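Before any comments, here is the structure.
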Amino acid sequence: MSESEDELQHLVDRVSQTSTRFGMIVSKPKTEVQCIGKNRQQMKIMLQDVELKQVENFVYLGGSVSADQSRDKDIERRIGLAAGIVRNLDKIHVWKAQDITKEPK
């Protein structure tokens with residue numbers, strides 16, 4: 001996290017250089033940047049010779065982080081994940097299983 005585009009570029013450069021020293025490579029296609037807050041701007045952050053994609057939303061530690069700081073996308077995502085789990089329980093016949101008591105269901 002940084003306060004300015006220049007500071008973010010400096011941090012990206014340092015992470016890239018430090019990881020290289022330890023024999024690791026930062027994945028260019030997987031690395032993204034995001035500007036959060038009211039005064040969002042388009043940034044041009046480079047990782048070596050590739051401009052990083054700027055995104056409005058991304059998932060970090062299981063939660064959806066939105067550039068406008070709203071929690072709507074995170075709530076929608078979590079509801080969707082929970083609904084998918086419930087659908088999968090129906091597919092494997094958990095609800096109709098006779099050998100599973102009502103309490104664990």
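Considering only the Cα atoms of the chain, their convex hull presents on average a projected area of 10.5 nm². Karplus-based coupling profile of the range 61-76, in residue order and whole Hz: 6, x, x, 8, 9, 10, 4, 8, 6, 7, 9, 4, 5, 5, 5, 4, with θ = phi - 60° in 6.51 cos²θ - 1.76 cosθ + 1.60 and x standing for Gly or Pro.
Taking 15 Å as the cut-off, the amide N atoms of the range 7-29 that come nearer than this to a point 7 Å along the Cα-to-beta-carbon line of Asp49 belong to 28-29. Near the amide H of Leu47, within less than 5 Å, lie the amide hydrogens of Leu52, all on another chain or at least 5 residues away, with H placed in the peptide plane. Pairs over the 30 Å Cα-Cα cut-off, from the set Lys28/Lys73; Lys30/Lys105; Lys53/Lys73: Lys30/Lys105. A simple rule links phi to the HN-Hα coupling: the Karplus curve 6.51 cos²θ - 1.76 cosθ + 1.60 with θ = phi - 60°, which for the range 29-35 gives x, 8, 8, 10, 10, 8, 9 Hz, with x for Gly and Pro.
With a simple spin-label model that places each label point 7 Å from the Cα along the Cα-to-Cβ direction, the separation between Asp90 and Glu56 comes to 3.1 nm.
Only the coordinates and a few stated rules stand behind these numbers; no lab work does. No experiment lies behind these values; they were computed from the predicted model shown. Every residue, glycine among them, receives a Cβ derived from its backbone with ideal geometry; neighbour counts consider all protein chains shown.
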